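For reference, the structure is listed below as structure tokens.
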Amino acid sequence: MITLYGIPGTATTAPHMVLEELGVDYEFVLVERTDDGVPTAPADYIKLSPFGKVPTLKVDDLVLTESAACCLHLADLHADKGLIPSVGTAERAETMRWLMFLTNTVQPAYLRFFYPARYTNDPNGADLVQANAVDELTALRSHISGKLGSGPFLQGNAFSIADIYLAMLSSWGTELPGAASWWADTTVAAHYDAVLARPGARRAVEEEGGSVSTQG
């Protein structure tokens, strides 16, 4: 039995897309939290995720937190679906490099943009933290755009969980101001549209009420 606990529009979206791409049976359980992030429902959620974060994936008796770890485990469980290359191959190493880059470098920059007050003790410092995050995210977007080239995916025609993770993060980038918006970059926007052209990924985003196209 597979259960995904999460909140639409958060880091839940990536494993949600993976589950739909795999076409396996699962249950989605909505997590509710207070404004300061304390989970209120399900009542025992804090036992699954001690810090109250989302998502949490439960596969039989295994409980996993961290969005990228959830994606990786699901892809490995259903390796025949081709969402991650075989262990020991150069292709898998490249997929893992992208996944780690996205979760360790890009995602933290987004957190500084969305929650700048967490990253400064200066009561007047949040604006500077956020402005620096916008600059960093713009540079990261340019790097990714250059690596995508003609795409459509991060590894050419080979689609993987890294593309799912990038699509999730690029959708967050629509919150950045003006030209800094990630979809203002036509190459990054084309990547998102290529991912969302896949029925499974599209279903997950539709269920969460997200954008299924960069064209609105």
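Values in this text are rule-based calculations from the coordinates and carry no lab data. Here the structure is a predicted model, which is why all the values come from computation and not from measurement. Here Cβ is always computed from backbone atoms with ideal geometry, including for glycine, and neighbour counts include all displayed protein chains.
Rounded to whole numbers, the Karplus 3J(HN,Hα) couplings from phi for segment 145-152 are 4, x, 6, 5, x, 8, x, x Hz, using 6.51 cos²θ - 1.76 cosθ + 1.60 with θ = phi - 60°, and x at Gly and Pro.
Computed over the chain, the range of Cα coordinates on each principal axis works out to 48, 47, 35 Å, biggest value leading.
So if each residue of separation counts as 0.36 nm, and I subtract the Cα-Cα distance between residue 100 and residue 115, what length gain in nm does that give?
Answer, rounded to one decimal: 3.2 nm.
Note on residue 25 and residue 61: the extension gain reaches 11.3 nm, defined as 0.36 nm multiplied by sequence separation minus the Cα-Cα distance. Residue-wise HN-Hα couplings along segment 169-179, as the Karplus relation 6.51 cos²θ - 1.76 cosθ + 1.60 with θ = phi - 60° gives them from phi, are 5, 5, 5, 5, x, 5, 7, 6, x, x, 5 Hz; Gly and Pro carry x. Using label points projected 7 Å from each Cα along Cα→Cβ, tell me how many nm separate residue 44 and residue 77, to one decimal. Label at residue 44, label at residue 77, 1.9 nm between them. Taking 0.36 nm per residue of separation and subtracting the current Cα-Cα distance, fully stretching the chain between residue 143 and residue 90 would add 17.0 nm. In bins 5 Å wide, starting from 0, what share of all Cα pairs of segment 2-81 does each bin hold, as a percent? Bin by bin from 0 Å, the calculated values are 3, 16, 30, 26, 14, 7, 3, 1, 0. In this simple spin-label approximation, residue 126 and residue 3 carry label points 7 Å from Cα along the Cα→Cβ vector, and these lie 3.5 nm apart. In this structure, the amide hydrogen of residue 29, modeled 1.01 Å from its nitrogen in the peptide plane, lies closer than 5 angstrom to those of 4, 5, 6, counting only residues at least 5 positions away or on a different chain. A straight Cα-to-Cα reach below 13 Å connects residue 81 with the aspartates and glutamates 20, 21, residues fewer than 8 places away in its own chain not being considered.
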